[in-house]
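Okay, so here's the structure we're looking at.
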Amino acid sequence: MKAPRSLEITLLLRLGVVLIAAFTAIAIWLWLHLGHIEAEYPQPIVHDVMAEFFTDIAWVVPVVLVATLAFAAVTLRRSFAPLHAISARAAEIRPGTLDQRLPEADLPAEVIPLVRATNEMLDRVEAGFAHQRRFTANAAHELRTPLQLLAAGLEAIGADPTIEPLREDVNRMSRLVGQLLAVARLDVRTEPVSGTADLAKTAAETLAFLAPLAVGHNVSLSLDRPPAPVTVRGDAALIGDLIRNLVENALAVSPAGAEVTVAVSADGRLDVIDQGPGIATEYRERVFERFWRAPGSPSGGSGLGLAIVKEITDICGATLRIADAADGGALVSVDFVRL
């Protein structure tokens, strides 16, 4: 791919070529003119005039040339400053900040139509995102109640091996609906959270809620936490969603009889360790994409869990990392801001 050329440098080069050509033409004209009057005046006088010209005047030409180019460079730099500023402003627009628009003040008249067209495009993109968020939230809300009724009806039937696969399907659908609702809520947020939460307490409450799920997978859950509260920056509900998605993913990949460990350290670090196959190095960036699932992943997943985790860590100003666990499996670490 050909590297883009700088318009500023291109204009300066062209101006330099024009000035050099102009000064060269003037010098040639003077030389020819002096040669023409040589026949009317004695040669010594002509030679003295030419020598005086090139000694006392001609040296000014390169000085004027350099000064002109320097002045043109400063002028171009100041003229392009609004374009650089608006480019930086456009680069800051993200899916969560689609309400921002590019300003038209102090811009050249030739650029304003492009800025207006860009703002109109942002209007359409924002409307599309809003429609998509409403559709996702409404669909999830509409599906939640029938799924809850269906799950309650299946539980009322009691133990029946023939409907056990149906129970698993309903549970997977319920989890997907919950994840879609979480995605819809996260898409609406545009600012980082400013509240605080007790990371140890939130982890304990979340694991208590997930205990029946762990029993269903025949996987044990363990929590290692300090006795004192661990206050971090973030919202307790969001952090609970983060822990729940991490543990649910860990339970899904762990074999029967394995253990999932959740560790909370006093410095605000959360570790979730499983005994599954782990996450290959080449996939550790892509697993945070929505609906992307690594090859060989267990069936039944939607590819939303780690994407939700990544968005929550960004909102809370935390840092997310994936590594290999010491005894095999994956180690997912989240470093929250300790307060």
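The values are calculated or read from the model by the stated rules, or taken from the named source; none is laboratory data. Being a predicted model, the structure only gives us computed values, none of them experimental. When we count neighbours, we look across all protein chains shown, and the Cβ atoms used for this are built from the backbone with ideal geometry, even at glycine.
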message: For the condition at pLDDT 70 or above and farther than 30 Å from Ala130 by Cβ, what is the one hit in Ala85, Ala22?
response: Ala22
- request: Filter the stretch 2-19 down to the residues that are within 15 Å of Ala73 (Cβ to Cβ) and charged (D, E, K, R), then identify the one that is modelled with the lowest pLDDT.
  value: Glu8
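Residues checked against (1) within 28 Å of Met173 (Cα to Cα); (2) out of contact with any helix residue (DSSP H, G or I) (no Cβ under 6 Å at 6 or more places or on another chain):
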| residue | (1), (2) |
| --- | --- |
| Pro226 | no, yes |
| Leu238 | yes, no |
| Asn245 | yes, no |
| Gly257 | yes, yes |
| Val264 | no, no |
| Gly268 | no, yes |
| Pro277 | yes, yes |
| Arg286 | yes, yes |
| Ala325 | no, yes |
- request: Evaluate the stretch 122-145: report whether one residue or more is at pLDDT 80 or above, of a type in the set (A, V, I, L, M, F, W, C) and exposed (fewer than 11 other Cβ atoms within 10 Å of the Cβ).
  value: no
- prompt: Would a scan of the stretch 97-106 turn up a residue that is closer than 30 Å to Glu248 by Cα and at pLDDT below 80?
  reply: no
task: Among the strands (runs of 3 or more DSSP E) lying completely within the stretch 177-282, list those that include at least 1 residues that are under 17 Å from Leu331 (Cα atoms).
output: 220-224, 259-264, 269-273
- line: Of the candidates Ala294, Ala250, the one satisfying the condition of being farther than 26 Å from Arg233 by Cα and surrounded by 14 or more Cβ atoms within 10 Å (Cβ to Cβ) is Ala294
